[in-house]
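Here the structure comes first, spelled out in structure tokens, and everything after it is commentary.
Every read-out reported here was derived from the displayed coordinates using simple, explicitly stated rules and does not represent laboratory data. Not measured: the values here are computed from a predicted model. Here the Cβ positions follow ideal geometry from the backbone for every residue, glycine too, while neighbour counts run over all protein chains shown.
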Amino acid sequence: QVQLVESGGRLVHPGDSLRLSCAASGPIGSVLALGWFRQAPGKDRDFVAAISNAGTTRIRESVKGRFTISKDNAKNTVHLQMDSLKPEDTGVYYCAASNTGLSGVSRLYDYWGQGTQVTVSS
């Protein structure tokens with residue numbers, strides 16, 4: 001069972017930057033892509049960004065230019081750099097791993113972390 005542990009979420013002000021990290025462990029040889037999703041209170045879980053083993057990325061349109069996804073293969077870790085944060089970026093951010101490949105569809109992700117809370121408020 002692949003295990004994913006997120007870290008880095010906290011309360012920040014609008015315009016601030018924040019970097020989330022997700023450490024993967026276990027049988028990760030089957031994982032083809034890692035992604036980030038977020039869920040605001042009372043809303044569905046939405047795709048944010050994903051990166052394949054080859055380094056190809058997909059980014060949600062509304063965060064392009066502000067969010068960047070990257071990975072450290074040596075540490076089996078994926079990062080989400082978030083700049084110019086807005087109140088609408090508030091939510092629980094989940095890391096996910098897919099055995100299918102790079103995708104923005106949550107049902108194609110097989111493993112999920114517990115989530116880390118990001119709150120953007122003045």
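Scan the range 11-118 for trypsin sites (Lys or Arg not before Pro) in coil per DSSP, keeping those whose Cβ has at most 12 other Cβ atoms within 10 Å, and list them by number.
On the way: sites: 19, 38, 43, 45, 58, 60, 64, 66, 71, 75, 107; in loops: 43, 60, 64, 66.
For trypsin sites (Lys or Arg not before Pro) across the range 11-118 that sit outside H, G, I, E and B with at most 12 neighbouring Cβ atoms in 10 Å, the list reads 43, 64.
Residue 43: which lysines have alpha carbons under 24 Å from its alpha carbon, excluding same-chain residues fewer than 8 sequence positions away?
Candidates past the 8-residue exclusion: 64, 86.
Roughly speaking, what is the stretch gain from residue 75 to residue 53, that is 0.36 nm per residue apart minus the C-alpha to C-alpha distance, in nm to one decimal? Display every interim value, and only then the final one.
Values: separation 22, 0.36 × 22 = 7.92 nm, distance 1.34 nm.
Value of the extension gain: 6.6 nm.
So how strong a dipole does the chain carry about its Cα centre when Lys and Arg Cβ are +1 and Asp and Glu Cβ are -1, to the nearest 20 debye?
Values: 13 positive and 10 negative charges, 16 e Å.
It comes to approximately 80 debye.
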